[in-house]
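The values are calculated or read from the model by the stated rules, or taken from the named source; none is laboratory data. Computed from a predicted model, the values in this text were never measured in an experiment. In this analysis, Cβ positions are derived from the backbone assuming ideal geometry, glycine residues included, and neighbour counts consider all displayed protein chains. What goes into the accessible areas is simple: the full protein's heavy atoms, side chains included, and nothing from ligands, DNA or RNA. Shrake-Rupley method; radii C 1.70, N 1.55, O 1.52, S 1.80 Å.
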Amino acid sequence: MQFEFNEQQRMIRDMARDFAAREIAPIAAEMDEQEKFPADVVKKMGELGFMGMNVPEEFGGAGLDSLCYTLAMEEISKACASCGVIMSVNNSLVCWPIETYGNHEQKEKWLTPLAKGEKLGAYCLSEPGAGTDAAAQSTTAKKDGDGWIINGMKNFITNGANADTLLVFAQSDPELKYKGIMAFLVDKEAEGFSVIRKEEKMGIRASDTAQLAFDNVRVSESQVLGPEGSGFKIAMSTLDGGRIGIAAQALGISGAAYEAALAYSKEREQFGRPICKFQAIQWKIADMATRLHAARLLTYRAAWAKDQGGRYSEESAMAKLFASEASHFITNEAVQIFGGNGYSKEYPVERHFRDAKITEIYEGTSEAQRMVISSMELKK
Ligand code: CAA
């Protein structure tokens, strides 16, 4: 066991840290306030190789390991959690399944522009009636000659209004239950596809979350990802990796809130001394730092486990569960240390507090993570 990053991992972390400090942090509060999609930042992240970090160079990616991706996600999210989730969805939820389940032509056509950051992807699983119960898909896929017709509605889709490529899950035969679910690659220009509305959100306000409609959208056989009926397993195994990305996003949010609160506790004086001299604040700092470090260990371990091959569902669910709940705790304590100033938009911690909440919800709620973890534990 060793706890050192290698040279490449350190280099990627430093590059992401430097880019985030220069190009993202100065505009993060404004993008949040204005709910402004960071198109320029996304373009630059693509140029730096951050949009397809684990994709082999052959298909336009950076060919890096999962820990490099995790470290970069953490640094980007520390500056702006919205930029973090845009990057995470493209890398983990769209590039990864195409690389893993796609054939060579699909990788050339769909994966390469996504990995280069020339196109943006969205993962379309959630529906009004299929949230935690992801298998309850009501979007349908009907065989039609040499292709398929997709009909249905998807909601809470990150990147939905800005994506070029949609990975869409749909039920081809309800009698087969989850075994009837299929995965399709759909172009945003497809006839019958539309963005119905964008959600107004508490946090991650610069990333778009959209409701999408598929009205008789025709796709060819070449747009089916993986073998027929394998869609649910594609969806679930993709989320195993996605959850590491969200755990890393939570680490970034936590780190930003923790560092801001630590610095503030040394500056802010009450009763004639800095508030960090009071045990009430010192204990908060100890608890925040401990949870942040524990969350990092679980997340980095999950990233390492992903690269070992084999199933890592439990490691990623534990990382996401713990890192997101730690983020909730840490950002709440950060606001508390800032007191009235923490509640004000003049300081960044209120944004971190709002951004942290979603990490306990998307890519599987904390309750769903506990279902995954307990089912794995009970099989032992
Ligand atoms: N990898 C491979 N196969 C898997 C798997 C995985 N991680 N998880 C399940 N499977 C397989 C099972 O082995 C089983 O196959 P067999 O019958 O052959 O053994 C099959 O899939 C069905 O599994 P379950 O019985 O466990 O399925 P379930 O319907 O009970 O679901 C669940 C369990 C854990 C609740 C799951 O539905 C789940 O994770 N729900 C949360 C959904 C979610 O995370 N949604 C997020 C939406 S995406 C999003 O938020 C993105 C965004 O925009 C940011």
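Some observations on this one:
- Antiparallel bridge percentage (DSSP; both residues within the chain; nearest 5): 85
- Highest-fluctuation residue, ILE275, ILE285, ILE98 considered, GNM on the chain with Cα pairs under 10 Å: ILE275
- Lacking any other cysteine beta-carbon closer than 4.7 Å, the following Cys residues of the chain have no compatible partner: CYS68, CYS95, CYS124, CYS276.
- Here the scattering of the chain is modelled by Debye summation over its C-alpha atoms, one equal scatterer each and no solvent; at q = 0.11, 0.14 Å⁻¹ the log10 of I(q)/I(0) is -0.73, -1.16.
- Lysine pairs in segment 7-119 with Cα atoms under 15 Å, if 8 or more residues apart or on separate chains: 7
- Each listed q (0.16 Å⁻¹) maps to a log10 I(q)/I(0) for segment 122-229 from the Debye sum over equal C-alpha point scatterers, namely -0.65.
- Residue-level accessible surface for GLU7, protein heavy atoms, 1.4 Å, Å²: 150
- For the chain, built as a Gaussian network whose Cα springs stay under 10 Å, the top-fluctuating residue of LEU262, LEU67, LEU251: LEU262
- Most fluctuating residue given options ALA213, ALA289, ALA39, as computed from a GNM of the chain linking Cα atoms under 10 Å: ALA39
- Antiparallel content of DSSP bridges confined to segment 79-179, in %, to 5: 55
- Sorting ARG218, ARG13 by accessible area puts them as ARG218, ARG13; the probe is 1.4 Å, largest comes first, and only protein heavy atoms count.
- Gain on full extension, evaluated as 0.36 nm per residue between GLU57 and GLU35 minus their Cα-Cα distance, stands at 4.6 nm.
- Dipole-positive endmost among SER126, PRO227, ALA39 within the chain (Cβ charges, Cα centre): SER126
- Here segment 1-132 yields Rg over Rh of 0.99, to two decimals, using C-alpha coordinates and the Kirkwood radius.
- GLN282-SER374 pseudo-label distance in nm [points 7 Å out on the Cα-to-Cβ vector]: 4.0
- Helix-derived mean residue ellipticity, 222 nm - over the chain, DSSP H n ≥ 4, -39500 (n - 2.57), to 500: -15500 deg cm²/dmol
- Label point at ASP307 placed 7 Å out along Cα→Cβ; residues across segment 59-83 whose backbone nitrogen lies under 16 Å: 62-74
- By accessible area with a 1.4 Å probe, ligands and nucleic acids excluded, highest first: order of ARG296, ARG370: ARG370, ARG296
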